[in-house]
1. Identify the single condition in (1) free of Cβ contacts under 8 Å to residues at least 24 places away in the same chain; (2) part of a loop (DSSP other than H, G, I, E, B) that GLY247 does not satisfy, given that it satisfies every other one.
2. Counting only residues that are in contact with a Leu (Cβ under 9 Å, 6 or more places away or on another chain) and farther than 26 Å from HIS16 by Cβ, which one in segment 351-379 is farthest from the ligand (Cβ to nearest atom)?
3. Assuming ASP54 fulfils every condition listed in (1) open to solvent by 10 Å² or more (accessible area, probe 1.4 Å); (2) touching a residue at least 12 places away in the same chain (Cβ under 8 Å); (3) away from the ligand (no atom under 14 Å from the Cβ) apart from one, which condition is it?
4. If you go through segment 251-275, how many residues are on the phi > 0 side of the Ramachandran plot and out of contact with any strand residue (DSSP E or B) (no Cβ under 6 Å at 6 or more places or on another chain)?
5. Among residues belonging to segment 86-113 that are of a type in the set (Val, Ile, Thr) and surrounded by fewer than 24 Cβ atoms within 10 Å (Cβ to Cβ), point out the one that is farthest from the chain's Cα centre (by Cα).
6. When both residues are 6+ apart or on different chains and their Cβ atoms are under 6 Å apart, which pairs have a first residue that lies in segment 274-287 and is of a type outside the set (Ser, Thr, Tyr), and a second that is assigned to a helix (DSSP H, G or I)?
7. Please work out which residue is nearest to GLU174 (Cα to Cα), limiting yourself to segment 239-255 and to residues that are of a type outside the set (A, V, I, L, M) and within 19 Å of the chain's Cα centre (by Cα).
8. Is it true that some residue in segment 245-266 is over 25 Å from LEU339 (Cα atoms) and either among the hydroxyl-bearing types (Ser, Thr, Tyr) or open to solvent by 10 Å² or more (accessible area, probe 1.4 Å) (or both)?
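The values are calculated or read from the model by the stated rules, or taken from the named source; none is laboratory data. Just so it is clear, the model here is predicted, and its values are computed rather than measured. Here the Cβ positions follow ideal geometry from the backbone for every residue, glycine too, while neighbour counts run over all protein chains shown. Accessible surface is based on the protein model in full, side chains and every heavy atom, while ligands, DNA and RNA are left aside. Shrake-Rupley method; radii C 1.70, N 1.55, O 1.52, S 1.80 Å.
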Amino acid sequence: MTAYEVNFDGLVGPTHNYSGLSYGNVASESNVKQTSNPKEAALQGLEKMKALHDLGFKQGVLPPQERPSIETLRALGFTGSDSEVLASAAVHEPVVLAAASSASCMWTANAATVSPSADTQDGKVHFTAANLNAKVHRSIEHETTTRILETIFNDPNHFAHHPALPAVSQFGDEGAANHTRFCNEYGEAGVEFFVYGREAFRENAPAPKKYPARQTLEACRGIARLHGLSQDRVVYAQQKPETIDAGVFHNDVIAVGNRNVLFYHEEAFLNSNQVIEEIDRKLLGTSLVPVMVSNQDLSVQDAVRSYLFNSQLLSHDDGYMTLVVPHECREVPSVSNYLDSLVTMNTPIKQVKVFDLKQSMQNGGGPACLRLRVALNETELAAGHQNVLMSDQVYKDLVTWVEKHYRDRISPEDLADPSLLVESRTALDELTQLLKLGSIYPFQKG
Ligand code: SUG
């Protein structure tokens, strides 16, 4: 049966802002307190979705979450009306208000880990929402993420959902940003590749010195067990600790894989050669094509600055691949030159497509951060919620919706504005009707 990779992009929420909440994420730290433009951010994201849909790729959209999260603020002891809760948080704990207001769920590569049915013991597609417990503002995403995924993939004959792993640092999990699947065809059994930043339970194991390693080996193993993956087709690899300290807070900032291709930087993994050999050995029906970028080609610093590896590697029917990169790749000369030579090399990557995603990029989110990949066969695709799949009409409706509800500037002080909460809820309520999702947000449940 034909199977596809469907990319589900996160729709940027109405509170998109720059609060510098992600220590270890260079862009987030360096753009703190800048004025954001949520309208532009959402339109940039939608443009990418529409362009990939127009190119014939399967594209879906995931709705943003309710922000500011009054629920979070109340759980931390703020009381009174919703406006009073906001006002009090702004005075007493502005950082907590910023965390409760972040639109960070737009980076759906961190929403969950997904294992296609061809890889799992029970033949279902498995989803585990990521606990994202390394950062306060992201740790509040997973409950709603699970609810949204259960709503979209709601047929128990085909889909299995697991709640996030226990939210402690030993099981820190950042979802698909650290997970790649290699295969011959999407519908055939593949190799699931889990990348972690540290081991929680082994003393003196290598770990970064400056920045946090958000993902643990123990979390990866837990997910592989939950999803019923065969150990014969799972590979674990550790990120180089120095690379995390250079700003590579997720593996998808230094490597991207699709089908039988792994595009990666020399400094991505500890024991690179072993890792490549193991993936190749476990891969059925094809051989791994490693496309390594060396230090000589490009420094890790330029990779972080440009987000070259936070690209989407997309397969065409004829076997060739397109690399979807952020515009910043054309602004860093070493990267731009590398891209020009890449398409002439003997690899399946034959085309580069550039997108302006600056609003998201300034928070450290490139093309790959904005999408969650779900490989589905035809039956599974038909069993999912159809109204979140991109079409000319859905695109038109969403652009109109953004134009109607979103602000074109948000500065840090605006987060305390009670009308931002009302605007956000009004917009989300209309969105759930537009996408026929029913009640998925706390405010809709009363
Ligand atoms: O978790 N930035 C996100 C970016 C996530 C990128 N995702 C992937 N690499 N897959 C993060 O660090 C910044 C929010 C702020 O500072 O306001 C933020 O959360």
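1. The failed condition is (1).
2. Result: GLN351.
3. Only one criterion is unmet by ASP54, namely (2).
4. In the first step, residues of segment 251-275 are kept if they are on the phi > 0 side of the Ramachandran plot; the result is 259, 271.
Add one more test, that the residue is out of contact with any strand residue (DSSP E or B) (no Cβ under 6 Å at 6 or more places or on another chain), and what stays is 271.
So the answer is 1.
5. We begin by selecting, within segment 86-113, every residue of a type in the set (Val, Ile, Thr); these are 91, 95-96, 108, 113.
Retained after the next criterion (residues that are surrounded by fewer than 24 Cβ atoms within 10 Å (Cβ to Cβ)): 91, 95-96.
Values: VAL91: 32, VAL95: 23, VAL96: 23 Å.
Within segment 86-113, the match that is farthest from the chain's Cα centre (by Cα) is VAL91.
6. Correct list of pairs: LYS282/ARG233.
7. Just the residues of segment 239-255 that are of a type outside the set (A, V, I, L, M), to begin with: 239-243, 245, 247, 249-252.
After this cut, where a residue has to be within 19 Å of the chain's Cα centre (by Cα) as well, the list is 239, 247, 249-252.
Values: GLN239: 14, GLY247: 16, PHE249: 10, HIS250: 8, ASN251: 10, ASP252: 11 Å.
Here the residue is HIS250.
8. Taking segment 245-266 as the starting set, the residues that turn out to be over 25 Å from LEU339 (Cα atoms) are 245.
Adding the requirement that they be either among the hydroxyl-bearing types (Ser, Thr, Tyr) or open to solvent by 10 Å² or more (accessible area, probe 1.4 Å) (or both) leaves 245.
Yes, segment 245-266 contains a residue that is over 25 Å from LEU339 (Cα atoms) and either among the hydroxyl-bearing types (Ser, Thr, Tyr) or open to solvent by 10 Å² or more (accessible area, probe 1.4 Å) (or both).
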